[in-house]
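So the structure is just underneath, and the comments pick up after that.
What follows draws every value from the coordinates through simple rules; no lab data is involved. Owing to the predicted nature of the structure, the values given are computational and were not obtained by experimental measurement. Ideal geometry is used to build each Cβ from the backbone, glycine not excepted, and the neighbour counts take in all protein chains shown.
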Amino acid sequence: MPPKLRYEIYIPTLYNDKTSIEPKKFRYIKNKIMDEFKGLSIHPATVQGSWINPKNNELLCDNCFRYEIVVEKTPQNEEWFENFKKELKEILSQYEIFMIFTEINWV
């Protein structure tokens, strides 16, 4: 089997102003990924994260849900995730979204 990419997206529970992100936005994110790739894992326990925004030295802390998606390694899929990250930053009003991918071999 050819290698695949596993994307991990950490979806925050708070906007940068510390107000809660509405549940409808989590549903939108889940539905958008499912419509495109037909599969998704969402870890129910949140991951606590902190980072310092290099633009203003502000400390940001949040609890995030971890979404995992395994996809074919194609330029189209890589471009889709790059565009999706931009959309997430906009709809969730975030300075940044932590998103990584790892090449995996599926057994």
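Which of the residues that make up segment 86-97 are surrounded by 17 or more Cβ atoms within 10 Å (Cβ to Cβ) and either over 10 Å from the mean Cα position of the chain (by Cα) or of a type outside the set (Val, Ile, Thr) (or both)?
Scanning segment 86-97 gives LEU88, LEU92, GLN94.
So, in segment 40-67, how many residues would count as being over 15 Å from GLN94 (Cβ atoms), touching a strand residue (DSSP E or B) at 6+ places or on another chain (Cβ under 7 Å) and outside any strand (DSSP E or B)?
Residues that pass the stated criteria total 1.
Can you name the residue in segment 1-37 that is polar (S, T, N, Q) and in contact with a Phe, Trp or Tyr (Cβ under 9 Å, 6 or more places away or on another chain) and is also surrounded by the most Cβ atoms within 10 Å (Cβ to Cβ) among such residues?
Looking at residues that are polar (S, T, N, Q) and in contact with a Phe, Trp or Tyr (Cβ under 9 Å, 6 or more places away or on another chain), I get ASN16.
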